[in-house]
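Student: Take this structure first; my questions come after.
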Amino acid sequence: MRSGETCGTLYLCATPIGNLEDITLRVIRVLGEVDLVAAEDTRHTRKLFSHYDIHTALTSYHEHNRQAKGRYIIEQLLLGKNVALVSDAGTPGISDPGAELVQGALERGIPVTSLPGPSALLTALTVSGLPLDRFVFEGFLPAKNKERRRRLAELARETRTVVLYESPHRLPKTLGELVDAMGDRRACAARELTKLHEDVRRGTLAQLREQFTGEPPRGEFVLVIEGRPAEGDGTNTVDGNLTPEEYVRLLQEEGVPPTKAIKIVARLRSIPRRELYNQVSGSK
């Protein structure tokens, strides 16, 4: 392991999430001074470089080449070269493989410095109108159904404001799953943040689902969702103290068909649907 004095420094540089003016003077300077810039998409980063007349060498670093290219970047740093890491937009390391590169650099005694700046999750959070004192960032929900249901059940019990990322083609389905898991909470869906056609929608999860079901969405979304109200304030959307059978009956009283009510509760409580059906039938 080499000491920091003989190694280069890895700079984590936050870049604009839309508006090219949203970049710090320090980031512009560092991008122009380092020996190499590792970018999620070099074509995208070249547009930024052209705008600010930056001519530093570029190399790609993304999900599909992170292992091989990560080793190359570490080698360059160990040789004493300074490297800047950028993502397509925002702060590198959040929902991208940048965190893996940081860990590898730190394990080898390489200095790592973060240059703060734009962040889609913080931008969406601050314009959402929802509580900001405590929040949790979940990134993208798991793609596999079993893990996805488990995560949704966990988030249904979360009292902090929840922030998620979602792709446009999955948004209506995800909003429906969130309604089933959490109830109809206040929420915000934001896209094209800081751009000319910035779009921030506020309402409830069900209202947002209805909007985007009839209007195919475009662009990656940030979803900000109200946390589960604290016990005893009289506004709980889902009472975690209910038994599965009681929860099914509560949904039925709200007009949810029996089969769908069983399906929802089975998913949230991780109970086989047939088992829950037998429990509900036996309790009547």
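Student: If I ask for residues that are closer than 19 Å to GLY8 by Cβ, of a type in the set (A, V, I, L, M, F, W, C) and surrounded by 13 or more Cβ atoms within 10 Å (Cβ to Cβ), which ones from segment 33-61 would you list?
Tutor: Within segment 33-61, VAL34, LEU36, VAL37, ALA38, ALA39, ILE54, LEU58 meet the criteria.
Student: Could we say that SER50 is part of a helix (DSSP H, G or I) and either modelled with pLDDT of 95 or more or not hydrophobic (A, V, I, L, M, F, W, C) (or both) here?
Tutor: Details: part of a helix (DSSP H, G or I): yes; either modelled with pLDDT of 95 or more or not hydrophobic (A, V, I, L, M, F, W, C) (or both): yes.
The answer is yes for SER50.
Student: Checking the condition within 21 Å of GLU220 (Cα to Cα), surrounded by 18 or more Cβ atoms within 10 Å (Cβ to Cβ) and touching a residue at least 24 places away in the same chain (Cβ under 8 Å), which residue from ILE17, ILE94, ILE73 passes?
Tutor: ILE17
Student: Same structure again: Looking at segment 156-182, which of its residues are of a type in the set (Ser, Thr, Tyr) and either surrounded by fewer than 19 Cβ atoms within 10 Å (Cβ to Cβ) or within 17 Å of LEU125 (Cβ to Cβ) (or both)? Steps first, please.
Tutor: Applying the first criterion (of a type in the set (Ser, Thr, Tyr)) to segment 156-182 yields 159, 161, 165, 167, 174.
Once the filter is applied, which keeps residues that are of a type in the set (Ser, Thr, Tyr) and either surrounded by fewer than 19 Cβ atoms within 10 Å (Cβ to Cβ) or within 17 Å of LEU125 (Cβ to Cβ) (or both), segment 156-182 yields THR159, THR161, TYR165, SER167.
Student: Next up: Being under 26 Å from the mean Cα position of the chain (by Cα) and either in a loop (DSSP other than H, G, I, E, B) or over 26 Å from ALA120 (Cα atoms) (or both) narrows it down to one of GLU100, GLU63, GLU75, so name that one.
Tutor: Values: GLU100 fails: either in a loop (DSSP other than H, G, I, E, B) or over 26 Å from ALA120 (Cα atoms) (or both); GLU75 fails: under 26 Å from the mean Cα position of the chain (by Cα).
Going through GLU100, GLU63, GLU75 in turn, just one is under 26 Å from the mean Cα position of the chain (by Cα) and either in a loop (DSSP other than H, G, I, E, B) or over 26 Å from ALA120 (Cα atoms) (or both): GLU63.
Student: Residues that are within 13 Å of ILE110 (Cβ to Cβ), in contact with a Phe, Trp or Tyr (Cβ under 8 Å, 6 or more places away or on another chain), surrounded by 17 or more Cβ atoms within 10 Å (Cβ to Cβ) and in contact (Cβ under 8 Å) with a residue 12 or more places away in the chain: does segment 25-32 have at least one?
Tutor: Keep residues of segment 25-32 that are within 13 Å of ILE110 (Cβ to Cβ), which gives none.
Checking segment 25-32: not a single residue is within 13 Å of ILE110 (Cβ to Cβ), in contact with a Phe, Trp or Tyr (Cβ under 8 Å, 6 or more places away or on another chain), surrounded by 17 or more Cβ atoms within 10 Å (Cβ to Cβ) and in contact (Cβ under 8 Å) with a residue 12 or more places away in the chain.
The values are calculated or read from the model by the stated rules, or taken from the named source; none is laboratory data. If you're wondering where the values come from, they're calculated on a predicted model, not measured in any experiment. FYI the Cβ positions are ideal-geometry reconstructions off the backbone, even for glycines, and counts take in every protein chain you see.
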